[in-house]
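To keep things clear, I will list the structure first and then write my remarks on it.
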Amino acid sequence: MATSLPRKIWQTLASIKTGVILLILVVIFSAAGTLILQRPATDPDELQRAYSPQMLRLLDALGLTDVFHAWWFVLLLALVSLSIIAASVQRFPNAWRFYSRPYKSPDGNFRKAQAVQVMIPVINEEAGLSAAERGLQKSGFNAEHIVRENSFSLFSERNRFSEMAVYIVHASLLLIFLGTSIDALYGWRASLMLGRGEQSNQVQPQNSKPRTMPFLVRCDSAGRENYADGSPKKWWSNLSVIENGNVVLRKQIVVNDPLVYRGLRFYQASFGDTGKIDRLELVATREGKDQQDFTIGLNETFPLDADTTVRLAEFFPDYAVGDGRVYARSNNLENPAAHLVVESKKTGEQINVWRPPITGLDESEASPYSFQAKDVQMAYFTGLEVSHEPGQWYVWAGVVLLGVGLAAVFYLMHVRIWIVPVRHAQGQLALWIGGTANKNRDAFEHRFARLVEEIKQEIKDSEQATGVETSVALVAAK
């Protein structure tokens with residue numbers, strides 16, 4: 001009993017039925033991971049909008065919001081891998097013997113069992129085999145001479161490699177499952193928010209401690225392109241990678257075109273306004289002097305003349321006034337207000353100027369300059385998704401190998417042709433021609449029929465030539 005149980009488990013794992021069922025489960029759960037919004041790639045607010053609280057709790061409890069990192073998915077991949085290994089180990093020895101030692105000299109019982117065969121009468125064995133060899137070559141087959149103690153025959157085959165293609169598919173699936181399991185166990189995803197000119201080496205995985213990267217990532221610029229109706233067309237970010245104080249890589253990233261460096265991928269995930277000002281463009285006017293156009297940032301100072309400076313003290317993208325003070329109603333650029341401080345270097349006097357003027361706070365009448373706003377540029381952030389996927393090389397190697405294996409399985413047909421001189425019961429000499437293919441029997445039978453016709457024509461031409469030579473020899477002898 002102790003020895004039979006492990007054997008039963010092994011036989012169950014090696015069963016094709018078990019492997020197919022497990023593969024179907026992998027496909028079903030992989031599809032679920034594609035259709036169901038996944039953490040951490042999906043914003044938590046979007047998850048809450050997409051699913052009710054009860055449904056979201058159920059999906060989280062079952063691990064369906066992070067399928068490819070769930071422990072049960074890794075276990076399922078391990079079971080599929082064990083099933084593939086067991087099936088391969090059990091069947092590979094016979095397949096290898098068939099591949100490495102092809103049957104080239106068929107006996108009588110083998111010939112009788114062939115479904116595709118034909119007999120062609122010949123006058124001479126050597127001439128018949130030579131004609132058959134020419135027919136094989138014209139049909140695209142290379143002929144191999146099989147010499148035995150008392151017999152000669154021909155053997156030809158094509159695409160013997162296809163017999164092993166199924167094991168290439170098995171190996172490719174194992175590589176894909178290995179890479180997926182490595183990513184599930186050791187991979188991670190995190191987010192990184194940067195404004196223009198900002199740099200960081202800290203990323204924040206969801207529900208985990210911040211991670212420190214061995215290099216800095218800086219956002220040099222970012223932007224958004226919109227369609228005619230105002231909806232976003234694409235986001236982009238110009239990023240620089242800084243290592244040991246030097247910029248080692250620059251790239252503009254967009255959705256689905258990440259920056260890749262030292263095993264980390266930086267995807268463009270989002271883009272938005274911070275609600276803070278970046279630059280304010282103004283026109284300053286003083287009686288008797290030309291207008292001055294200048295650009296200023298928050299808490300920056302600009303010299304208007306040798307004695308007067310202006311500083312941008314505050315900016316509100318959507319302002320409101322209450323209780324004698326100004327406050328921001330929202331971060332949307334809808335009703336902006338700028339607080340400028342004009343200062344005289346000689347007297348040290350400071351004058352508060354508001355644009356637009358705000359009653360009780362604006363002191364524009366005392367200012368030697370008047371100001372008019374021309375344009376405002378809001379500060380923005382670029383949202384990056386950072387992923388570490390150490391198993392991706394295994395996955396991609398498996399995908400390439402899978403393509404090779406499937407191409408061999410579906411498009412390569414292992415064809416074998418035997419040509420053996422035999423004698424009928426009446427003693428008549430003939431060529432027995434038989435063949436077999438491991439798939440697509442209808443196509444093979446048509447090809448076999450064309451081959452037989454080619455060989456018959458070669459034999460006919462050879463016998464006619466031999467007859468002419470014999471006649472010439474008899475005339476010469478007389």
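Every number here is computed from the coordinates shown, using simple stated rules; none is lab data. Computed from a predicted structure; not experimentally measured. Cβ: placed from backbone, ideal geometry, glycine included. Neighbour counts: every protein chain shown.
Points to keep in mind about this one:
- For the range 275-379, relative contact order (Cα pairs under 8 Å, six or more residues apart, normalised by length) works out to 31 percent.
- More than 16 angstrom apart: percent of Cα pairs within the range 1-87: 60 percent
- Under 15 Å, Cβ to Cβ, from residue 257 - net charge with Lys/Arg +1 and Asp/Glu -1: +3
- Both the radius of gyration and Dmax for the range 275-379 are 13.5, 40 Å, in that order, over alpha-carbon atoms.
- Rounded, prolate or oblate (a/c below 1.5 giving rounded, otherwise prolate when a/b exceeds b/c) for the range 203-259 by Cα gyration tensor: oblate
- Proximity of backbone amide H atoms, modeled 1.01 Å from N, is registered between residue 276 and 379 at under 5 Å, excluding neighbours fewer than 5 places apart on the same chain.
- Calculated from backbone phi, Karplus (6.51, -1.76, 1.60) coupling profile of the range 178-190 in Hz, x at Gly/Pro: 5, x, 5, 5, 4, 4, 5, 8, 10, x, 7, 10, 8
- Applied to the range 323-335, the Karplus parametrisation 6.51 cos²θ - 1.76 cosθ + 1.60 on θ = phi - 60° returns per-residue 3J(HN,Hα) values of 6, x, 9, 9, 9, 8, 7, 7, 8, 7, 7, 10, 9 Hz, with x for Gly and Pro.
- Relative contact order computed over the chain (Cα-Cα under 8 Å; 6+ residues apart), in percent: 20 percent
- Listed by chain and number, the aspartates and glutamates whose C-alpha is less than 13 Å from the C-alpha of residue 345, apart from same-chain residues fewer than 8 away, are 305, 307.
- Cβ-defined net charge surrounding residue 208, 13 Å radius [Lys, Arg +1; Asp, Glu -1]: +3
- Reported value for the range 187-300: 186 Å³ per residue, from the convex hull of its C-alpha atoms.
- Within-12-Å neighbourhood charge of residue 217 [Cβ basis; K, R +1; D, E -1]: +2
- Taken along its principal axes, the alpha carbon cloud of the chain reaches lengths of 142, 75, 44 Å, longest axis first.
- Between residue 457 and residue 424, the simple spin-label model (points 7 angstrom out along Cα→Cβ) gives 2.6 nm.
- Inter-centroid distance (Cα atoms) of the range 381-459 relative to the range 46-93, Å: 36 Å
- Helix-only CD estimate at 222 nm, as mean residue ellipticity for the chain, using -39500 (n - 2.57) per DSSP H run (n ≥ 4): -12500 deg cm²/dmol
- Which listed pairs, of 234/276; 17/439; 209/233; 233/276; 8/112; 104/138, have C-alpha distances above 32 Å, in listed order: 209/233; 8/112
- Full-stretch length increase - residue 257, residue 407 - with 0.36 nm per residue and alpha-carbon distance subtracted: 51.1 nm
- Relative contact order for the range 4-99, counting Cα pairs under 8 Å that sit 6 or more residues apart, in percent: 44 percent
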